[in-house]
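Notes follow the structure.
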Amino acid sequence: MDLKKTVELRKTVEERLDLMIQAEIISENTAAFCAEAAELMLKEPGDREGEKLNMFITHLAMAADRMERGKTGEVAIDAGVFETVRREPCFGEAVRLRDSILKAAPAEFTEAEADFLTIHLCNLLTEIDEA
């Protein structure tokens, strides 16, 4: 990805996180964690579509905030749906990225939230493979 696009995506992510802080949707701690995750994603090889990256960062921010507040009552992903994702060629890479991102999380993520992140990451990685 070229430098100009990386800078634009970084700015868009920062603006989105700032809006979420101002609206008191997430904490500054969560925003910092998500900014680190965005940097990790921007350093990965391949191109990024801003809309998908922002969708991932938004989900990550909301999930991190829920985990930080102890709100862990989310619904698990349907087993059949997740099994379909497991068969995707990018699944292993998505799990590797998810685990790397979650090492810096402000709170431990539930299995259901981690699975949702894996699906979002597969979506991002599939986009790269098709580019």
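Observations
- Diffusion constant of region 64-131 at 10 °C, which comes from Stokes-Einstein with the Kirkwood Cα-pair radius and 1.306 mPa s, µm²/s: 126 µm²/s
- Considering helices alone, the calculated mean residue ellipticity of the chain at 222 nm is -24000 deg cm²/dmol, with DSSP H runs of length four and up weighted by -39500 (n - 2.57) and normalised per residue.
- Taken over the alpha carbons of region 23-111 as equal point scatterers, the Debye sum produces base-10 log I(q)/I(0) values at 0.11, 0.19, 0.21, 0.25 Å⁻¹ of -0.34, -1.01, -1.20, -1.43.
- Relative contact order [Cα under 8 Å, 6+ residues apart], the chain, whole percent: 31 percent
Every number here is computed from the coordinates shown, using simple stated rules; none is lab data. Keep in mind it's a predicted model, so treat the numbers as computed, not measured.
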